[in-house]
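Contents: one structure, followed by commentary.
The values are calculated or read from the model by the stated rules, or taken from the named source; none is laboratory data. It should be emphasised that the depicted structure is a prediction, and the values quoted were computed from it without experimental measurement. Virtual Cβ from ideal backbone geometry, glycine too; neighbours counted across all protein chains shown.
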Amino acid sequence: MYKVKPNSVFFLLLFFGLLLVIVTPPFRVPDEINHFYRAWQVSEGDFSSVNNNQRLGGYVPKSMITFSSRFRPILMNIYNKISPAELWATHSISLNQNDTTFVDFTNTALYSAFLYLPQALGIFIGKKLSDSTFWVFYAGRISSLLIFSVLIFLALKILPVKKWLFLILVTLPMSLSVNSSLSADMLVNAMVFLFLAIVMNLAYNDTVLKISYKHVLLIFVISFFIGLAKLVYVPFLLLLLLIPGSKFHRPYFRLLVIAAAISIGFGMAIIQKKQIDSKYIPYEKYNFSYRDYTMLGKGVDIKKQTEFVTGHPGYTMLVFIRSFFREFRYMTRSYIGILGWADLSLPRWFIFLSYLVIFMFTLFDFRESYAKLLPVKHRSLFVFVSLFITALIMLSQYMSWDMVGEDKVYPLQGRYFIPVFPLFFLTFSDLFKVMFKWHLTPFFNKIAIAFVISSGVLSIYTIASKSYTLYNYHQKKWEFRFSYKDFSKDKNDTMKYIICNADTVAVFQKPDTDYVSPERILTGVVSLKLSEQNPYGFIMKIKRGMAHEKYVVSCRYYGYSCLIVFHETPDGFYYASSRVYAEKDTLGWKYLENQIILPHKMADYSSLYLYTWYPGKDSVFIDDFRITCYSASKR
């Protein structure tokens, strides 16, 4: 009877990956905008990011900024969607690659250019074949997926054990989503999987009697690239200790090879870190006019955080331990399937099923080729390396994203652990030797294939259903604007406005006059001042609204940040915008906009509140509030 092998169904990875490339709207993967900018820079031969006037980034065509701005409204907002027609319309944006401007991409600018070679190759080919920014973007995605697929195919081909387990892991929804995008994590994931396969082949494949010089050269090359990629993954090189000394020509040669590989990896990581240190600009020193529109967190400073950690090791360790257990549930869920900007969640039953299948193929030995019980010392090494890397990932996050002395490490997303979790699973591999008859083995192969297919289908359905709408919004139903052009201190003048149509009723209440201020003025004599004592303003309540209606809310504000919140009561969804992208005007005021499409008809007992919110401890000034309601119409 023909036995299906993982290599023979590997095309499923490429098939579902290509579907995700097409179905996933541009930049629906975390940080993909900045990855796009950095990959373009590398495609132009500029391997080093630019430090320009206390700004960090590079020069890209203005068309790329225009292209990316079309998709800003749907990022981190599952209640706003884009139509296929709107997506396709962006293909007409001409690349015009000679008309460039400087753009900030503070996080990806610190990554090694090596990580962007696959994406840059696709972009390079794309811009030679087309003058459309749209096609250049997708060429980068396709190139990234193809190279990932080739490297994973090689890994599966040489992997001596647990082939089905690794096929399942690389085709999980989160893995498919990240590795079919422009994310730099793709190459890190692929290199680590390939390195792990090589080491396991040399360690557990009995047909490999001696380590050849070609093997040694391959180990050195991958060690070089892992070190160049990210310092946190250098401990993976400790897995070379799994290879028994009997497979080396001379006893001392094993230690020499391992020491050299670790030195190469660590040496390249140190060189890369020095490059990062020379370019990094903390929030407080970043160009004031642009820092609020970058991926820099307020109060984040790597140098000061390093000094804090070295000065308070006990406190830091306690923070890490607490954060690990606090974030463990989210971390393990998002490793499987919390996609997008952590806003596209797959069903809980699928998360549970995924771990059930993973541990079934981990714990049980279904008589795979070369399968044998791993020594305890090897399992201990898997535990040590996985915990070591986990600690380094947490340290990296704490340094790069959290305020100095913060009492938590955040965020800890599952995608960071795509290369790490396989080590954890290998720790428990083949603990149960199940003596199935030979003809039952294909049954478990079919389970793996069925899971991979269901995983791919569910990923595509989740992204498509939560990213696209089949309605258009050309018809404005009503619009309401408010600013302080005519100001009255009469507290009885609450200025309630009721916008009424056959199926819509909305109520707006003028902010309390006690909280207005002439300190910053935009269009009138005063503006609304939000502070810790008065964090909410410009409240509107939608009492009646039809499913699929679209609300666009905007305001102008002066200060560090402001959020526009949609909140359904008494129970329902809640969303707050969390990032501002538009630049300041000449007066220092910023434009803030948020959108929402009602997922259902507003019931008589519920209401949708729209309001501005400032969660800070100082103050921000707001004016020129506007809300527009658009009718949904079928195409």
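Worth a mention:
- Region 616-634, residues that are more than 25 Å from Tyr515 (Cβ to Cβ) and part of a loop (DSSP other than H, G, I, E, B): Ser631, Ala632
- With respect to the conditions (1) more than 19 Å from Tyr37 (Cβ to Cβ); (2) surrounded by fewer than 24 Cβ atoms within 10 Å (Cβ to Cβ); (3) touching a Leu at 6+ places or on another chain (Cβ under 8 Å), Ser132 lacks only one, and its number is (1).
- When each of Tyr283, Tyr290 is tested for being touching a residue at least 40 places away in the same chain (Cβ under 8 Å), in the same structural domain as Val50 (by TED's automatic domain parsing) and not aliphatic (A, V, I, L, M), the lone residue that passes is Tyr290.
- Subset of region 591-615 (residues that are part of a loop (DSSP other than H, G, I, E, B), in contact with an Asp or Glu (Cβ under 7 Å, 6 or more places away or on another chain) and not hydroxyl-bearing (Ser, Thr, Tyr)): Leu598
So that you can scan it fast, the table gives a plain yes or no per residue for (1) surrounded by fewer than 24 Cβ atoms within 10 Å (Cβ to Cβ); (2) in contact (Cβ under 8 Å) with a residue 40 or more places away in the chain; (3) among the basic types (Lys, Arg); (4) not assigned by TED's automatic domain parsing to the domain that holds Arg333:
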position: Arg141; (1), (2), (3), (4): no, yes, yes, no
position: Leu156; (1), (2), (3), (4): yes, yes, no, no
position: Leu167; (1), (2), (3), (4): no, yes, no, no
position: Ser177; (1), (2), (3), (4): no, yes, no, no
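Here's the yes/no breakdown for (1) without any contact (Cβ under 8 Å) to a residue 12 or more places away in the chain; (2) farther than 30 Å from Val452 by Cβ; (3) not aliphatic (A, V, I, L, M):
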position: Gly17; (1), (2), (3): no, no, yes
position: Leu20; (1), (2), (3): no, no, no
position: Glu32; (1), (2), (3): no, no, yes
position: Phe36; (1), (2), (3): no, no, yes
position: Val42; (1), (2), (3): no, yes, no
position: Gln54; (1), (2), (3): no, yes, yes
position: Tyr59; (1), (2), (3): no, yes, yes
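- Against the list (1) aromatic (Phe, Trp, Tyr); (2) touching a Lys or Arg at 6+ places or on another chain (Cβ under 8 Å); (3) modelled with pLDDT under 95, the condition Phe114 fails is (2).
- Count of region 267-297 residues which are modelled with pLDDT under 90 and touching a Gly at 6+ places or on another chain (Cβ under 6 Å): 0
- Restricting attention to region 216-225, the residues that are of a type outside the set (S, T, N, Q) and in contact (Cβ under 8 Å) with a residue 40 or more places away in the chain total 5.
- The sole residue among Thr101, Thr133, Thr106 that is under 30 Å from Gln54 (Cβ atoms), in contact with a His (Cβ under 9 Å, 6 or more places away or on another chain) and touching a residue at least 40 places away in the same chain (Cβ under 8 Å) is Thr133.
- In region 551-577, the qualifying residues are those that are within 30 Å of Gln475 (Cβ to Cβ) and not in a strand (DSSP E or B), and the one that is modelled with the lowest pLDDT is Ser577.
- Hits in region 193-214 (condition: out of contact with any helix residue (DSSP H, G or I) (no Cβ under 6 Å at 6 or more places or on another chain) and assigned to a helix (DSSP H, G or I)): Leu196, Ile198, Met200, Leu202, Tyr204, Tyr213, Lys214
- Filter result (of a type outside the set (Val, Ile, Thr) and surrounded by fewer than 19 Cβ atoms within 10 Å (Cβ to Cβ)) within region 204-221: Asn205, Asp206, Leu209, Lys210, Ser212, Tyr213, Lys214, His215, Leu217, Leu218, Phe220
- With respect to the conditions (1) at negative phi; (2) of a type outside the set (Gly, Ala, Ser); (3) over 27 Å from the mean Cα position of the chain (by Cα), Lys162 lacks only one, and its number is (1).
- Note on region 391-418: residues that are in a loop (DSSP other than H, G, I, E, B), over 15 Å from the mean Cα position of the chain (by Cα) and not acidic (Asp, Glu) total 5.
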